[in-house]
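Contents: one structure, followed by commentary.
The values are calculated or read from the model by the stated rules, or taken from the named source; none is laboratory data. Only a predicted model underlies this, so the values are computations on that prediction, with no experimental measurement involved. In this analysis, Cβ positions are derived from the backbone assuming ideal geometry, glycine residues included, and neighbour counts consider all displayed protein chains.
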Amino acid sequence: MAHRLLRDHEADGWERSDFPIICESCLGDNPYVRMTKADYDKECKICTRPFTVFRWRPGRESRYKKTEVCQTCSKLKNVCQVCLLDLEYGLPVQVRDTALSINSNDAIPKSDVNKEYFAEEHDRRARAGLDYESSYGKVRPNDTILKLQRTTPYYKRNRAHICSFYVRGECTRGAECPYRHEMPVTGELSQQNIKDRYYGVNDPVALKLLNKAGEMPSLEAPEDESIKTLYVGGLDKRVTEQDLRDNFYAHGEIESIKMVLDKACAFVTYTTREGAEKAAEELSNKLVIKGLRLKLMWGKPQAPRPESETSEGARQQAAVAHSGMLPRSVISQQQNQFQPSGSGVQGQPPPMQYFNIPPPPQLDRAFYPSMDPQRMGALVPSHDGENKSGSEKQQGQHYPSQAMPPPPPPHGQYPHQHYPPYGYMQPMPPYQQYPPYHSAIPPPQHYQHSGPARPPPPVNAPSASTTPASASSGSAPPIPGLSAASGSSHQ
Amino acid sequence: MTGQTMPKVKTNRVKYPEGWELIESTLRELQAKMREAENDPHEGKRKCETLWPIFKIVHQKSRYIFYLYHRRKEISKELYEFCLDQGYADRNLIAKWKKPGYERLCCLRCMQPRDHNFATACVCRVPKHLREEKVIECVHCGCKGCASGD
């Protein structure tokens, strides 16, 4: 354009800025960034006006990145100055405009002088404080956008470019070559044009994303009508039960929420099937809590136990069935569920367990003392003292009464078997033949989480204590029954 | 670049001090090597890479004279000064070699913070065990690492 040799820095239309407008991915993962600032260093790729170029390296494995378009252009479309993707959602301009039904293209001229004039006018107005067009803040996000948006920064785009000499086989720099020695990925997506991307016209990446959005599968409801539980995956310690509750309560009454932090997942159970279906419909592909995109699927019930002679057997089966997949608090919650049902109706099949986890590996019956973490002194608050003694006793009991313990499971399974002794043993006390012990040791401590569940154990304990003989003989049948149950439960 | 003059053509005006005969042949060889490097075609090389042999040979010549005088003590001070005046070695570069930590300095540009962004030295001055990339060729002189440690 004009040769502006005598610059009047206040009056000129060239752009000066203090800090670039960039997205998180382009800024990089390193909190310490050294950036150079060069006034009027290059011309904007869109409006061809000189602007301040910032240059930095976004992380150790990255190339140097610099601002490509001026701030005026980036503000007009609310995009990052480097990657030209939306600042809020990380999506191409075309995708965002289609999804939110914005059409910003009318006002912006594209021909040479018009475009420069428009940009300068816009810049001048913005600097004068006139609120030219800040419509991007007012738009409500809709479903599609939420499904498509990027939730974590994507640093792969900061890698070095492909070494073109390597592609031809001629790279003589060898090890010190800073460019990537990989073959380029060709295809329709590689023909991109910065102007097309900026104006949101004919952008192959955007078209691909939009097609994908159209076809994103919705969560299929499972055939089994009794399933009212949703599996939420991808959890982090930042996501609390309260967060889940807040997100899920709107769709129906929540019966329970079980968080399994070991597996970074949670199970949300509704009281009604419709509530669960509604939640699945609303939240699938859109669930983002605290910046974490969470995966939503239907919960899968565990295969029903083949036999449950007594409610105790059923309880034990269900309890053992976790086989160390669930922490104590969860198991005791389930105990909570079982006790009422167990005490209420004898022989009722246990309620289904909802696990998206594969069935536990085959567990052998023998639980060596060394396999019980508590016995070896690992601290678990509020279960420690009682369990230690409880499990010790039970161990002592078990071995003489059971058949000789099978050989210890292969080494790899040890980590999984953290909890079985706990879950396994827990229901034992009321039914074992140490009645004085058990009435002495407060079972309430044992079942700390299951308040209403307290009645059953003490009920059984006194009965066991009053009939020690029958209890001792009565324990014999439960034990083989138990071992049979346990044997069958660990399919 | 380094402010030195071209090595003077041997005329009758120049009076060579004693001891010159001992070092003359090596210096003539190095001069010829420099002539070759100056006339090398630029094909197949990067723009910055074309200058690297020049820096390398300057370093080599200066090294020769530095060792002869300061380490092996085989030439007289007079001869040493003569070589520096005539431009067979770079006086400023040798001055740096006398300082601790700069014994292996490749060229004067690599340690000049004014020549770099963020007022640092060139990457070749960083010891290998502190660097992230192990194999580098610095852009000024093609140096692969001139820290005194390695």
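For the stretch B:127-150, residues that are without any contact (Cβ under 8 Å) to a residue 60 or more places away in the chain and more than 14 Å from chain A (Cβ to nearest Cβ) total 7. Looking across the stretch A:183-200, the residues that are in contact with a helix residue (DSSP H, G or I) (Cβ under 9 Å, 6 or more places away or on another chain) and closer than 18 Å to A:Gln81 by Cα come down to A:Gln192, A:Asp196, A:Arg197, A:Tyr198, A:Tyr199, A:Gly200. Within this structure, A:Val69 passes the test of being part of a loop (DSSP other than H, G, I, E, B) and either among the hydrophobic types (A, V, I, L, M, F, W, C) or outside the structural domain of A:Ile145 (by the TED database) (or both). So, B:Trp97, is that one within 14 Å of chain A (Cβ to nearest Cβ) and surrounded by 14 or more Cβ atoms within 10 Å (Cβ to Cβ) or not? Against the criterion (within 14 Å of chain A (Cβ to nearest Cβ) and surrounded by 14 or more Cβ atoms within 10 Å (Cβ to Cβ)), B:Trp97 does not qualify.
Taking the criterion of being in a strand (DSSP E or B) and surrounded by fewer than 21 Cβ atoms within 10 Å (Cβ to Cβ), the residues of the stretch A:232-256 that qualify are A:Gly233, A:Ile254, A:Glu255, A:Ser256. Only residues that are surrounded by fewer than 13 Cβ atoms within 10 Å (Cβ to Cβ) and either more than 14 Å from every other protein chain (Cβ to nearest Cβ) or more than 40 Å from the chain's Cα centre (by Cα) (or both): list them for the stretch A:21-37, please. A:Pro31, the sole residue that qualifies.
Per the conditions (1) part of a helix (DSSP H, G or I); (2) exposed (fewer than 13 other Cβ atoms within 10 Å of the Cβ), the sole criterion not satisfied by B:Glu74 is (1). Would you confirm whether any residue within the stretch A:63-74 is surrounded by 20 or more Cβ atoms within 10 Å (Cβ to Cβ) and within 14 Å of chain B (Cβ to nearest Cβ)? Looking for residues that are surrounded by 20 or more Cβ atoms within 10 Å (Cβ to Cβ) and within 14 Å of chain B (Cβ to nearest Cβ), one finds none in the stretch A:63-74, hence no.
Each row is one residue, and each column tells you yes or no for (1) out of contact with any strand residue (DSSP E or B) (no Cβ under 7 Å at 6 or more places or on another chain); (2) in contact (Cβ under 8 Å) with a residue 12 or more places away in the chain; (3) not assigned by the TED database to the domain that holds A:Ile22.
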| position | (1), (2), (3) |
| --- | --- |
| A:Thr152 | yes, yes, no |
| A:Gly187 | yes, no, no |
| A:Ile194 | yes, yes, no |
| A:Val205 | no, yes, no |
| A:Lys208 | yes, yes, no |
| A:Asp243 | no, yes, yes |
| A:Phe248 | no, yes, yes |
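Can you go through A:Asp106, A:Asp112, A:Asp131 and tell me which one is at pLDDT 75 or above, surrounded by fewer than 17 Cβ atoms within 10 Å (Cβ to Cβ), charged (D, E, K, R) and in the same structural domain as A:Gln71 (by the TED database)? After applying the criteria, what remains is A:Asp112. If you go through the stretch A:31-60 and pick out every residue that is outside any strand (DSSP E or B) and at positive phi, you end up with 2.
Just so you know, in the stretch A:166-215 the residues that are within 14 Å of chain B (Cβ to nearest Cβ) and of a type in the set (A, V, I, L, M, F, W, C) include one that is farthest from the chain's Cα centre (by Cα), and it is A:Cys171. Each residue in the stretch B:100-134 was checked for being in a loop (DSSP other than H, G, I, E, B) and modelled with pLDDT of 90 or more, and 17 of them qualify.
Selection within the stretch A:250-296: residues that are acidic (Asp, Glu) and touching a residue at least 40 places away in the same chain (Cβ under 8 Å). The member of this set that is farthest from A:Asp224 (Cα to Cα) is A:Asp262. B:Asn117 meets all of the listed conditions (1) surrounded by 12 or more Cβ atoms within 10 Å (Cβ to Cβ); (2) within 30 Å of A:Arg57 (Cβ to Cβ) but one, namely (1). Somewhere in the stretch A:82-96, is a residue out of contact with any Cys (no Cβ under 9 Å at 6 or more places or on another chain), among the basic types (Lys, Arg), surrounded by 24 or more Cβ atoms within 10 Å (Cβ to Cβ) and more than 14 Å from chain B (Cβ to nearest Cβ)? Yes, because at least one residue in the stretch A:82-96 is out of contact with any Cys (no Cβ under 9 Å at 6 or more places or on another chain), among the basic types (Lys, Arg), surrounded by 24 or more Cβ atoms within 10 Å (Cβ to Cβ) and more than 14 Å from chain B (Cβ to nearest Cβ).
Evaluate the stretch B:55-77: report whether one residue or more is under 30 Å from A:Arg55 (Cβ atoms) and within 14 Å of chain A (Cβ to nearest Cβ). The answer is no; no qualifying residue exists.
What about A:Gly200, is it out of contact with any strand residue (DSSP E or B) (no Cβ under 9 Å at 6 or more places or on another chain) and at pLDDT below 95? Taking the combined requirement at face value, the residue does not satisfy it. Only one of the numbered conditions (1) at pLDDT 95 or above; (2) of a type outside the set (Val, Ile, Thr); (3) over 20 Å from B:Glu137 (Cα atoms) is not met by B:Phe55, and that is (3). Residues that are surrounded by fewer than 19 Cβ atoms within 10 Å (Cβ to Cβ) and in contact with an Asp or Glu (Cβ under 6 Å, 6 or more places away or on another chain) were ranked within the stretch A:38-59; the one that is modelled with the highest pLDDT is A:Lys45.
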